[in-house]
There are 2 protein chains.
Amino acid sequence: MYIEKSLMQYALDTRSSDPTPGGGSVSAYVATLGSALTSMVGGLTFGKKSFQDVAEETRVEMKKNAEELENLFNELAGIVDEDTTAFDKVMAAFKLPKDTEEEKTIRSLAIQEGYKEALEVPLKCAEKCYRVMEIQGVFAENGNVNAITDIGVGILLAYSGLEGALLNVTINLGSIKDEDYRKEVSSKVSILLSSAKNLKEKGLEIVYKRLEG
Amino acid sequence: MYIEKSLMQYALDTRSSDPTPGGGSVSAYVATLGSALTSMVGGLTFGKKSFQDVAEETRVEMKKNAEELENLFNELAGIVDEDTTAFDKVMAAFKLPKDTEEEKTIRSLAIQEGYKEALEVPLKCAEKCYRVMEIQGVFAENGNVNAITDIGVGILLAYSGLEGALLNVTINLGSIKDEDYRKEVSSKVSILLSSAKNLKEKGLEIVYKRLEG
């Protein structure tokens, strides 16, 4: 499993011309790190005296967010390997026999089903990244100011993970023949991307404002 | 060394409240992956028939770029650990005696010297990221279209590494008393950031255009 490989080995495997790991797996790992940095900021915030100045409602929310970040971290880390096997089903479908018309139909359906399942993996990744970004907005506003650059880096990484994952959804969508499905996913991609851009800009604005203090 | 730790362990160490690894080290690793994805696209491009359609001058440039990317990869990977020790000198300076006026002066000078050296590490990281991004522009235009999303993810990561590193330069600049030095570095930061934003937008524009084919 890639998640158990060393940073250097994973980077070297990425650099090689082998298709895996590619941009999808890498996007998930980058987002895992973005989530990790946000958790770290939580750890550097909750025990501090200045945290008592934050409204109680927000403090409760942030503690809940910290628990949720642990799940998001694990889910994103899981996608690092899940993404590299997402295409196994497509590849297997391409190897099905295609001698008779019936075989051709079965093969074609299996390929389409494989593509749909494969693109659900980066789509799930992007949705997890988006949730990390929502949480980062609250942490940017109320987290320990001494760790404000770590929130900033976290936002950049969760956003990159999201856009990177959506690039992988989009390229695979090109192989899908089901027009309704294509439209549905394509509209999801647009909404996620523009909402995430908005969150990123707002989050970084807070980061730079607090950084210049 | 962090670069030899597993992806999971590095992410867990980032998540912990220990100060290292923080956003600086993580930015360098993310940029390493961005450089690796770009090299991979080179590997998926140079042997292909379609590469012969690219102008000879550009082909020669891209081969040289590919060699340069190997160096940038190694330099960025080196910063993953270098960043975590960048502050050792600052910390040591803070522990110097401060009983006499002379000791106070020596201690203060050593702290200032430490901060300057420490911020040179993320500044170097940002400069390496910038060079990766310049190369990515050429690869986005002329690389194998089947790997266009990997170029896109690579651009997002090199850019995030750059902005993440510059956030770390900026926060440490706040501790520097030498106004000339502060102005000089601050102007470098502004120029690097705005030029990189420009490169990112241009690069991603090409990626989306070729993706939509």
Please indicate, with yes or no, whether at least one residue in the range A:108-116 is out of contact with any helix residue (DSSP H, G or I) (no Cβ under 9 Å at 6 or more places or on another chain) and of a type outside the set (A, V, I, L, M, F, W, C). no
Here is a check on your reading of the model: is B:T149 at the interface with another protein chain (Cβ under 10 Å from one of its Cβ atoms), part of a helix (DSSP H, G or I) and either surrounded by fewer than 24 Cβ atoms within 10 Å (Cβ to Cβ) or touching an Asp or Glu at 6+ places or on another chain (Cβ under 8 Å) (or both)? no
Considering each residue of the range A:30-88, count those that are under 27 Å from A:I3 (Cβ atoms) and either acidic (D, E) or in contact with a strand residue (DSSP E or B) (Cβ under 7 Å, 6 or more places away or on another chain) (or both), and give that number. 8
Which of the residues that make up the range B:42-57 are surrounded by 14 or more Cβ atoms within 10 Å (Cβ to Cβ) and assigned to a helix (DSSP H, G or I)? B:G42, B:G43, B:F51
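Is there a residue being under 24 Å from A:R182 (Cα atoms), within 14 Å of chain B (Cβ to nearest Cβ) and in contact with a helix residue (DSSP H, G or I) (Cβ under 6 Å, 6 or more places away or on another chain) anywhere in the range A:92-100? I'd like the intermediate steps shown before the answer.
Initially, the range A:92-100 is screened for residues under 24 Å from A:R182 (Cα atoms), giving A:92-94.
So of that shortlist, the ones also within 14 Å of chain B (Cβ to nearest Cβ) come out as none.
No; the residues of the range A:92-100 include none that is under 24 Å from A:R182 (Cα atoms), within 14 Å of chain B (Cβ to nearest Cβ) and in contact with a helix residue (DSSP H, G or I) (Cβ under 6 Å, 6 or more places away or on another chain).
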Condition first: modelled with pLDDT of 95 or more, touching a Leu at 6+ places or on another chain (Cβ under 9 Å) and more than 25 Å from A:L166 (Cβ to Cβ). Can you find one or more residues in the range B:140-155 that meet it? no
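Looking at this structure, is B:K200 within 22 Å of B:G34 (Cβ to Cβ) and within 14 Å of chain A (Cβ to nearest Cβ)?
Details: within 22 Å of B:G34 (Cβ to Cβ): yes; within 14 Å of chain A (Cβ to nearest Cβ): yes.
Spelling it out, B:K200 is indeed within 22 Å of B:G34 (Cβ to Cβ) and within 14 Å of chain A (Cβ to nearest Cβ).
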Which of the residues belonging to the range B:79-110 are touching a residue at least 60 places away in the same chain (Cβ under 8 Å) and in a helix (DSSP H, G or I)? B:V80, B:D81, B:D83, B:T84
Within the range A:156-184, can you find the residues that are in a helix (DSSP H, G or I) and farther than 17 Å from A:S27 by Cβ? A:E179, A:D180, A:Y181, A:R182, A:K183, A:E184
Answer yes or no: is there a residue in the range B:65-80 that is within 14 Å of chain A (Cβ to nearest Cβ) and closer than 29 Å to B:K177 by Cβ. yes
Lone unmet requirement of (1) farther than 23 Å from B:E134 by Cα; (2) free of Cβ contacts under 8 Å to residues at least 60 places away in the same chain for B:P21: (2)
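On the given criteria, is B:M62 away from chain A (no Cβ under 14 Å), surrounded by 19 or more Cβ atoms within 10 Å (Cβ to Cβ) and of a type in the set (A, V, I, L, M, F, W, C)?
Numbers: away from chain A (no Cβ under 14 Å): yes; surrounded by 19 or more Cβ atoms within 10 Å (Cβ to Cβ): yes; of a type in the set (A, V, I, L, M, F, W, C): yes.
Considered against the rule, which asks whether it is away from chain A (no Cβ under 14 Å), surrounded by 19 or more Cβ atoms within 10 Å (Cβ to Cβ) and of a type in the set (A, V, I, L, M, F, W, C), B:M62 comes out as yes.
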Please find, among B:S39, B:S17, B:S27, the residue that is surrounded by fewer than 18 Cβ atoms within 10 Å (Cβ to Cβ), touching a helix residue (DSSP H, G or I) at 6+ places or on another chain (Cβ under 8 Å), of a type in the set (G, A, S) and within 11 Å of chain A (Cβ to nearest Cβ). B:S17
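Residue-by-condition table, conditions (1) in contact (Cβ under 8 Å) with a residue 40 or more places away in the chain; (2) of a type outside the set (V, I, T):
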position	(1), (2)
A:C129	yes, yes
A:G161	yes, yes
A:D178	yes, yes
A:S186	no, yes
A:I191	no, no
Run B:T85 past the list (1) over 21 Å from the mean Cα position of the chain (by Cα); (2) β-branched (V, I, T); (3) closer than 20 Å to B:L123 by Cα and report the number of the one that doesn't hold. (1)
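The values are calculated or read from the model by the stated rules, or taken from the named source; none is laboratory data. Source: prediction; values computed, not measured. Here Cβ is always computed from backbone atoms with ideal geometry, including for glycine, and neighbour counts include all displayed protein chains.
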